[in-house]
Amino acid sequence: MSQICELHHRLGRAGNLPSVLAVAYEAFDGILLAIRSRENPAADLFAAFVMAAASAADGRDAITRAPSLPLSGLSHAVITRQAGEPEPGIRVLAGSVAELARLLAGQLAQAEQAAALAGDQNACAQAATCAREIHTLLAGATDE
Amino acid sequence: MSDRAIFGDFVNAAAKQLDATDSGTRRVTTSADVHYAVRALLRMVTVMSRCIAVTDTSANDMTWRYARDPGAWTRARAEARQALDNAAEFLRPHIRGRPGPGISVSSAPKSAAARRIAAAALSLQAGHDLLQTHYSRKPNGLREYRSPWAPAIGSDQVSSAMLTELGKLAHRAAAQASGVALAPSPSASWAARRDLNTACQWLWVFVGAVRSAQRDEPVPAATRHLLRHIPLNTIPPRRVPVGGEPVPDLCDGVISTAERLRRAARALTPHAAWSPAMTITSLTRTAGAATVTSHNCELLLTTLAECEPAAQIRQQLLECSAAAARARESWLAAAYALDNITTDTRGYLSPAAAETTGLALWTGRLAFANPEWRPSAGPRHPARPPASLISAPEDMRRVVDAVHYTCDTLTSLARASREQIRVAARASRILVPTRTLPGSIDIPHPFAPAPDEHIASLLSRYRDAAAASSQATKEVAVVAETIHAPSQVLTAFREAIQAATGATQRRAHQANPNADAPDRDPDLPGPLQSVLHQLGVTDRDLIAHACALDRDGARLVIDAAEKLSPTRGRATRQSLEAAPVVNHVLASFDSRSAAFLRPQSPHDDRQHEAQP
């Protein structure tokens, strides 16, 4: 949970295109990891999580096609829990991921506008679409 | 699906035409009657030959088929072709000229029998055309498959079922046409009547060959059911649920979407090496939607098990549900395996991926109580209550039908996806990020072809998904058979496909002497029985006695014919006076009765006729 919050924070601070792309890559990776670890058919968010994971994998793939993505400094997200930190409820997790996806979609849309290279524009546009899909799939999780 | 024409519609129409009887008995045949009966029967014979040809597949398949020990049906097929060819040879010379002095060719046939045979031939031609929609021609003239049904149509099983159906029609057509040939006629050509009757006799030889094969290797009722249910090859229109559909509409939506997906999946492998739609986007969306669809099937089967009408098969349904759960786990594992790869193109969504997403939506609308259900998160979505799922007696079959079609389609999808990945990998289209490769491998590009172990792992996940989906299909098929759901045809379909590709041995036929009982061919009345009918005798004992005498007479003629010289045999065959007895002998389908005609070919007889 704390990693999702941290990614949210880092994404908000990312300034130039390479840093947005690098954090976006990590964000999609983090979303994928967070979702994959909680895909439980007994929970009623199963379908939403499975489809959101497909969008996250696709979004991460879209980012890797951006020419301005700094490959050297790229790191995979690692989802760990700090000692004593309780596992979040599945709906709380879905809500957090939806929020991160919403921010991701906005940042990538801005990056698309700012990008000079067609490859970067395409990558940002496709990844933004994936982020919007994740948000749509998970946004209603906290409505009871 | 139910709106589409099926082959059985046309076979039934043809049989109905041939089963009709005259309102009044015609005692005299005119020249025009014979002429039109000849034309109609030739049309019927020609269409039957075409129908047999449709069930023969490519040259390779035929080589494989005949390389094996020729079974009863292989022999029957050869004899049937020969008999139809001979029948056509006898009829052809009589369609060239005018029907007779003062009779216009364009006038409508006076003989009801000729009209019935012509109408039956037209129906059967329409059925033949329906089967042909499953094939197309390549530029080099070879036939190619256009639908998933095509391999089944060319299978040994369906080919045998086709002969069985045609045999029934041939028997009826011969009975109708021989009635025209043998009725007294002051004006009709003796030769035309004789050849019309001989053509009928060859049709009975055809029927006899089919009957003999049917005795040795009975065609299972399920296979005949399969042949009759082959639909017109059209793609069902894409449907999008609007919300609030009743269960029958949702089931129809599931089945038509499954059919569309099955067709889309067929296109995956042939295009995998080059298609821009072979993307990681398509692969991940397909695997995700297939996981959700399997999950929805699991829910549906659990709900069905709780329904009151399903109390007898509760345990079976729970086992089906468990099998669907294993399919869901396997699809999810395939989706996980895709997390580590990419493709050379991206962004495009294949038709198969779009249809799989549609199938997830339709099955979800059926499985969940919320009429607006979507995969997206929201307030909790409880499963549809049992009373809502099965509110009418027919709903049980409909829902099992929908689940059966879905599981079967997911099996095809898993197999097609696996093959697609294999072909794409061979074309170096499956990639991994270079940074995930060992440091010793130095590649100056962000992506590189996936190593063999990546591909092998991915393929094994899809193999598991196919196996688990196939197992779920088999479990649901047992339920479908128990409750006589229309989707039973899928089981016969799969078996026919497996046999056609030579992947498995033909299932051992279990002789079921009653399989044909409900629609047994009507017996042709013998000469004595016919006389009693003409006299208006209805006494059952007398008719039974006449039948017994006719049967004994037929045996006597067969025994005697074996000892006849060829010249005497030919004279007997050509005698119209003896024809009623000879017809009855042939229609008795004694295995020796065909020998009565066999030394004879149309060519031989004509040669003999030409001699002084």
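Taking 7 Å along the Cα-to-C-beta vector as the label spot, tell me the residue B:563-residue B:467 distance in nanometres, rounded to one decimal.
The modelled label-to-label distance comes out at 6.7 nm.
Shielding of B:341-352 by partners, i.e. mean partner chain Cβ atoms within 10 Å per residue? Show your work: numbers first, answer last.
Values: counts 2, 7, 1, 0, 0, 8, 9, 0, 1, 0, 0, 0.
The per-residue average across the peptide is 2.
Cα convex hull of segment B:137-261: how many Å³ per residue?
Working: hull volume 27.2 nm³, N = 125.
About 217 Å³ per residue, rounded to a whole number.
Points 7 angstrom from Cα along the Cβ direction at residue B:271 and residue B:190: gap in nanometres?
6.8
So for B:484, B:229, fewest C-beta neighbours within 10 Å to most, what's the order?
B:484, B:229
Hey, got a sec? Which trypsin sites (Lys or Arg not before Pro) in segment A:11-50 land in a DSSP loop and have at most 13 other Cβ atoms within 10 Å?
Details: sites: A:13, A:36, A:38; in loops: A:38.
The qualifying sites: there are none.
Separation between the residue A:10 and residue B:545 pseudo-spin-labels, each 7 Å from Cα along Cα→Cβ, expressed in nm?
It is 10.5 nm.
Once the cut-off is 23 Å, how many percent of the Cα-Cα pairs in segment B:230-384 end up in the long-distance tail?
Percentage above 23 Å: 43.
Please compute the length gained on full extension between residue B:460 and residue B:315, using 0.36 nm multiplied by the number of residues separating them and subtracting their Cα-Cα distance.
Details: separation 145, 0.36 × 145 = 52.20 nm, distance 3.08 nm.
Here the segment from residue B:460 to residue B:315 would lengthen by 49.1 nm.
With no solvent and one point on each alpha carbon, what is the Debye value of log10 I(q)/I(0) for segment B:110-181 at q = 0.15, 0.18, 0.19, 0.20 Å⁻¹?
Normalising to I(0) and taking log10 leaves -0.66, -0.81, -0.85, -0.90.
Using alpha carbons only, how many angstrom separate the centre of segment B:312-338 from the centre of segment B:253-301?
Each part reduced to its Cα centre gives a spacing of 17 Å.
Let me see the P(r) profile for segment A:2-142: every Cα-Cα distance counted, bins of 10 Å, each bin given as a percent of all pairs.
13, 47, 30, 9, 1
Sort B:29, A:129 so the one with the fewest other Cβ atoms within 10 Å of its own Cβ comes first.
Taking fewest neighbouring Cβ atoms as first place, the list is A:129, B:29.
Across segment B:206-288, what fraction of all alpha-carbon pairs, as a whole percent, falls in each successive 10 Å bin from zero upward?
Pair shares across the bins are 12, 26, 26, 20, 12, 5.
Quote the relative contact order of chain A in percent (integer), defining contacts as alpha-carbon pairs under 8 Å separated by 6+ residues.
Worked out over chain A, it gives 34 percent.
Bear in mind that the values in this text are calculations on the coordinates, not laboratory data. Owing to the predicted nature of the structure, the values given are computational and were not obtained by experimental measurement. With ideal geometry, Cβ positions are generated from the backbone for all residues, glycine too; neighbour counts draw on all protein chains shown.
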